[in-house]
Each structure stands twice: as structure tokens, then as C-alpha cells.
1. Using protein chains only and a probe of 1.4 angstrom, how many square angstrom of Arg13 are accessible, to the nearest 10?
2. Please list, ordered by chain and number, the residues whose modelled amide H lies under 5 Å from the amide H of Val51; skip anything fewer than 5 residues away on the same chain.
3. Quick one: putting +1 on the C-beta of Lys and Arg, -1 on the C-beta of Asp and Glu, what dipole do you get for the chain around its Cα centre, in Debye to the nearest 20?
4. Mind grabbing the accessible area of Asp55 for me, 1.4 Å probe, Å², rounded to tens?
5. How much of Arg31 can a 1.4 Å solvent probe reach, expressed as accessible area in Å² and rounded to 10?
6. How many Å² of accessible area per residue for the chain, probe 1.4 Å?
7. Using the eigenvalues of the Cα gyration tensor, what equivalent ellipsoid semi-axes result for the chain when each is taken as the square root of five times the eigenvalue, whole Å, largest first?
8. Apply the Karplus parameterisation 6.51 cos²θ - 1.76 cosθ + 1.60, with θ equal to phi minus 60°, to every residue of segment 86-103 and state each ³J(HN,Hα) to the nearest whole Hz, in sequence, with x for glycine and proline.
Amino acid sequence: YSARGGFDVNTFRSADMGLWFRSSNDGLVIRDIGSSGPITKLGFREGDVIVRVNDQRVTRERDFITYLFAEDVREERVKVIVLRDDREEVVWVEPTVFIEETH
């Protein structure tokens, strides 16, 4: 949160929303998912490789957070493309749900 009390994308981490990653040559691989909260309803699975967020290529956790919580898409449903079982799958995320939860 910023000094103004609003959401601060620069200090927010994927762990704050219940996602943990491991590094891999394949990209951003989900290592663990929280067992409670909004993250459980989205459809991410352990082992999913996050490929793109809102048509932006993702290779690091910071990219994932920056694109997911960008000012211009924050109020919308954001399309996250994951690679699962050698196929691309779409997971829809509503960033405001996580912003409100941390508020």
C-alpha cells in the first residue's frame, strides 16, 4: 500500500494472492497455491506455466504482477494463459478481488 492508503503494485507479491512460483527454463511455474481465499476459485493448478498475461509475455514473477495489476486492466477480467499438459489454457483473473482482500 502506498502512503495514500491505496494499492501499491510495487510492493505486492504473488504470495499475497496465494501463488508461489519456482524458476524454470520453461518460464514461470506455479509451485504452490493457497488453500483458502479467492485464488482457490480461479482454476490455476500446481505445475501450470504462466505464459502470458493480457497478451504480454511473462517470464518473471514481477512481470506477472505488473501486467495483472496494471492500472488500465485492474478493474476488468484479465486473461492469463497457462501451459498445462502441453496445451494453452485460459484462466480469468479479476485483480480487484485481490486488491479488496488485501485492503
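The values are calculated or read from the model by the stated rules, or taken from the named source; none is laboratory data. Just so we're clear, the structure is a prediction, and the values are computed from it rather than from any experiment. Note: ideal-geometry Cβ built from the backbone for every residue, glycine included; neighbour counts use all protein chains shown. Surface areas here come from the heavy atoms of the whole protein model, side chains and all, with no ligands, DNA or RNA. Shrake-Rupley method; radii C 1.70, N 1.55, O 1.52, S 1.80 Å.
1. Around 120 Å² of this residue is reachable by solvent.
2. Hits under the 5 Å cutoff: Ile81, Val82, Leu83.
3. Values: 15 positive and 20 negative charges, 38 e Å.
Approximately 180 debye in magnitude.
4. 120
5. Solvent-accessible area, nearest 10 Å²: 120 Å².
6. Working: 6220 Å² over 103 residues.
Heavy-atom SASA per residue in the chain reads 60 Å².
7. Values: eigenvalues 94, 39, 34 Å².
One finds semi-axes of 22, 14, 13 Å for the chain.
8. 6, 10, 7, 10, 9, 10, 8, 10, 9, x, 4, 4, 6, 5, 5, 5, 8, 6
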